[in-house]
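Written out below as structure tokens is the structure these notes cover.
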Amino acid sequence: MATMTCPSFSSRLTIDLDAVRQNYALLARRAAPAECGAVVKANAYGLGIGPVAAALHREGCKTFFTAHLSEALDLAPAIPPDCRIFILNGLDPDCEPLCAERGFVPVLNTLDQVERWRAFAIRCQHRLPAALQVDTGMSRLGLSHDQVEWLSRDSGLREIDLQLVMTHLACADDPDRADNSAQLSRFRQTCLLFPGVPASIANSGGSLLSAAFHLDLTRCGVSLFGVPPSTRPVTLRPVARLEARIIQLRAISQGSGIGYGLDHIAAAPMRIATLGIGYADGVPRSFAATGAAWHLTHRLPVVGRISMDSMAVDVTHLPDDLLSEGMFVEVIGPQQPIESVAAAAGTIAYEILTSLGRRHHRVYLEECRTEVRAPGEMP
Ligand SMILES: *Cc1c(COP(=O)(O)O)cnc(C)c1O
């Protein structure tokens, strides 16, 4: 029996790959002569690792970062084999053969990881590529300066083809924090141990600090997806648009309760639209307090609690014939950027993006599919 694709969906997530490409081009220009790498962990921040990475590569991106080995496996088919894939969270036990066979570059964060990678390289009888992460003051991942110094002295890296030395900034979203330059100067000390090895400190926020933070390679994530990473002004194009379908319209009388717990009681007769999107789709329950959906320039405040698969919005003040069941209204888009959704929900845009569920119908837009090719490369 032929499989039928389901013709119905309650929410639509539109991902503008041209915007991703333009954002990458802008960040790459700002980073130059440093290289601009793309962080596509967490399924490219929820937007789809395959299509996003392919679009980035068409714009000239050659270096990608994931958090997990499984993400690197998802990424690899989308980009040519000459692209580099770094695995930020490190080298998990027993992953050495797969990581080596696929040519992924683990970011080694502990002495145990260094030792296991070295031992595996000895077994393979050839050097294996790796990055080293040093912790310069975030207490999250990476080796201490002393550990790295010991490795550099003790030929502890002899079997390793060291491609990158990196660290991560704790406060890059706030350009005024002195912690940023303190981390940079500590990192520079560590880099002196590895003359000639490329270095990287900047995520999106870091890449908008002074050029001193660009070093050899930036690691941009959220900014590729149109979210300003700090208070520094930068003109990024929004990438994600989320619309939800009106699955029911109703008029309710004064005194009627709305939603679980009947938290909202209508103070007067109201008209309500029930949207087919809920917390299982990534709209946080905390969004109910001050959040809204939009139709054109009309703001439709959320009323009552957000359910798993639906939420109610107040459409009382709209002309009667403006809305109908089946129509889509905006949740994230030109009227309501993702930063506003995050602020209304008491969180950050990163969390909204990466929580967008699997149920949305996904539409990828890409007008300018001009390929970036090396001279002489076949289409
Ligand atoms: C997630 C991550 C990035 C990207 O951060 P953005 O703020 O999204 O640009 C860069 N480097 C490391 C180590 C990360 O974990």
* Asked: Can you pull out the residues in the range 308-366 that are of a type in the set (Gly, Ala, Ser), surrounded by 14 or more Cβ atoms within 10 Å (Cβ to Cβ) and within 25 Å of residue 258 (Cα to Cα)?
  -> 310, 312, 340, 342, 343, 344, 345, 357
* Asked: Has the range 210-220 got any residue that is over 24 Å from residue 110 (Cα atoms), among the acidic types (Asp, Glu), within 16 Å of the ligand (Cβ to nearest atom) and open to solvent by 60 Å² or more (accessible area, probe 1.4 Å)?
  -> no
* Asked: Going by the conditions given, is residue 5 at pLDDT below 95, out of contact with any helix residue (DSSP H, G or I) (no Cβ under 9 Å at 6 or more places or on another chain) and of a type in the set (Ser, Thr, Tyr)?
  -> yes
* **Residue among 117, 150 that is surrounded by 15 or more Cβ atoms within 10 Å (Cβ to Cβ), among the hydrophobic types (A, V, I, L, M, F, W, C) and at negative phi** => 117
* Please go through the range 260-277 and pick out each residue that is under 23 Å from residue 334 (Cβ atoms), in a loop (DSSP other than H, G, I, E, B) and either in contact with a helix residue (DSSP H, G or I) (Cβ under 9 Å, 6 or more places away or on another chain) or small (Gly, Ala, Ser) (or both). => 276
* **Near pairs, Cβ below 6 angstrom, 6+ apart or cross-chain, from the range 166-177 (under 10 Å from residue 230 (Cα atoms) and assigned to a loop (DSSP other than H, G, I, E, B)) to any residue that is charged (D, E, K, R) and open to solvent by 30 Å² or more (accessible area, probe 1.4 Å)** => 171/177; 171/179; 175/232
* Does residue 305 satisfy the condition of being open to solvent by 60 Å² or more (accessible area, probe 1.4 Å) and basic (Lys, Arg)? -> yes
* Structure fact -> Expected single match for more than 16 Å from the ligand (Cβ to nearest atom), touching a strand residue (DSSP E or B) at 6+ places or on another chain (Cβ under 9 Å) and among the polar types (S, T, N, Q) among 63, 5, 14 is 14
* To do: Please go through the range 179-194 and pick out each residue that is within 16 Å of the ligand (Cβ to nearest atom) and among the aliphatic types (A, V, I, L, M).
  => 184
* Structure fact -> Selection from the range 195-217 of residues touching a Cys at 6+ places or on another chain (Cβ under 6 Å) and under 21 Å from residue 46 (Cα atoms) yields 204
* If you go through the range 93-114 one residue at a time, how many are touching a residue at least 24 places away in the same chain (Cβ under 8 Å) and at negative phi? -> 15
* **Filtered residues of the range 232-242 (kept if closer than 26 Å to residue 43 by Cα and assigned to a loop (DSSP other than H, G, I, E, B))** => 234, 235, 236, 237, 238, 239
* Quick check: anything in the range 243-253 in a loop (DSSP other than H, G, I, E, B), open to solvent by 20 Å² or more (accessible area, probe 1.4 Å) and more than 25 Å from residue 135 (Cα to Cα)? -> yes
* Can you find a residue in the range 195-202 that is open to solvent by 20 Å² or more (accessible area, probe 1.4 Å) and within 16 Å of the ligand (Cβ to nearest atom)? -> yes
* Scan of the range 221-242 for residues that are away from the ligand (no atom under 16 Å from the Cβ) and surrounded by 15 or more Cβ atoms within 10 Å (Cβ to Cβ), ordered by number -> 241, 242
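The values are calculated or read from the model by the stated rules, or taken from the named source; none is laboratory data. It should be emphasised that the depicted structure is a prediction, and the values quoted were computed from it without experimental measurement. FYI the Cβ positions are ideal-geometry reconstructions off the backbone, even for glycines, and counts take in every protein chain you see. Side chains are part of the model used for accessible areas, which takes the heavy atoms of the whole protein and leaves out ligands, DNA and RNA. Shrake-Rupley method; radii C 1.70, N 1.55, O 1.52, S 1.80 Å.
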